[in-house]
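What follows is calculated from the coordinates using simple rules that are stated; it is not laboratory data. It should be emphasised that the depicted structure is a prediction, and the values quoted were computed from it without experimental measurement. Neighbour counts are summed over all protein chains in view; Cβ atoms, including those assigned to glycine, are modelled from backbone coordinates with ideal geometry.
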Amino acid sequence: MSQVILRSPDEKPIEPLVVAALEGEKKEILTAILKTKEKLSLFEKRFNLSTAEFLAKAYQEIPQITEMDAIEWSGEHETVKRLEQRLSRLQEIRVCT
């Protein structure tokens, strides 16, 4: 477990600021996840494949897909995974006073 100690130069409480910053970051990540999942959905509809099916195949096995489409699709999938990991870490943070 790692800890961070924050000190304010005045007597005003900083806990609400820290909590608000964490919540704001979570909201931004959730928005990014939704947008990225929408992009994944467009690929899935366009190629009539789920992302899992696409990832299980080599893109050369899918005749209608270009290399650029495969790169973008894979990239969007990786982006969602990283965003979800980051969100999970933020959700585990507890502010202790």
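I'd like to know if region 64-72 contains one or more residues that are touching a residue at least 24 places away in the same chain (Cβ under 8 Å) and under 14 Å from the mean Cα position of the chain (by Cα).
No: zero hits.
Can you give me the ranges of the helices (runs of 4 or more DSSP H) entirely in the chain with at least 3 residues that are surrounded by 13 or more Cβ atoms within 10 Å (Cβ to Cβ), in contact with a Cys (Cβ under 7 Å, 6 or more places away or on another chain) and not small (Gly, Ala, Ser)? Let's see the steps before the verdict.
Working: elements: 15-47, 51-56, 67-92.
Hits in the chain: none.
Quick test of your reading of the structure: THR79 fulfils all but one of (1) farther than 30 Å from SER2 by Cα; (2) among the polar types (S, T, N, Q); (3) touching a helix residue (DSSP H, G or I) at 6+ places or on another chain (Cβ under 7 Å). Name the failing condition by number.
(1)
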